[in-house]
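We did not get these values from a lab; they are worked out from the coordinates using the rules stated. Computed from a predicted structure; not experimentally measured. Positions of Cβ are generated from backbone atoms using ideal geometry, with glycine treated the same way; all protein chains shown enter the neighbour counts.
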Amino acid sequence: MLRVIELLDDETPMTLLGYILLWSGFMIALFGEARFLVVAYHRSMVWYFGCLFVPFADLTFFLLNFRKTWRPVMLSTIGLVIAAIGCWVGGIDL
């Protein structure tokens, strides 16, 4: 019983909130990346596989197709910021 009380100290709610924010942010970022790959797939299979496997091809595709890709990129960025805030709030060291 004493061990359970030790685990439920003042930092437990913040750690739980940190993990919730971390995983929510990762899911949002993953969804944004999937949307980005859908845009690349609609453009051509070459761009799709390039964005998956070739370094900096996704940055090139983003710059060349800014009007169609800015929303998925911003969604991924927002997700990563939420995940970083979750790490900071929960005291999680990755």
*asked:* With a cut-off of 8 Å between alpha carbons and a minimum separation of six or more residues, what is the relative contact order of the chain in percent?
replied: 49
*Cβ-placed point charges (K, R +1; D, E -1), dipole of the chain about Cα centre in debye, nearest 20*: 800
*Residue among T15, T69, T60 with the largest mean-square fluctuation in a Gaussian network model of the chain, springs linking Cα atoms under 10 Å*: T60
_What Kirkwood Rh does the chain have if only Cα atoms enter the pairwise 1/r average? Answer in Å._
15.0
*Mind checking which of M45, M74, M14 has the largest fluctuation in a GNM of the chain, springs on alpha carbons under 10 Å?*
M45
*11 Å beta-carbon shell around C51, net charge (K/R +1, D/E -1)*: -1
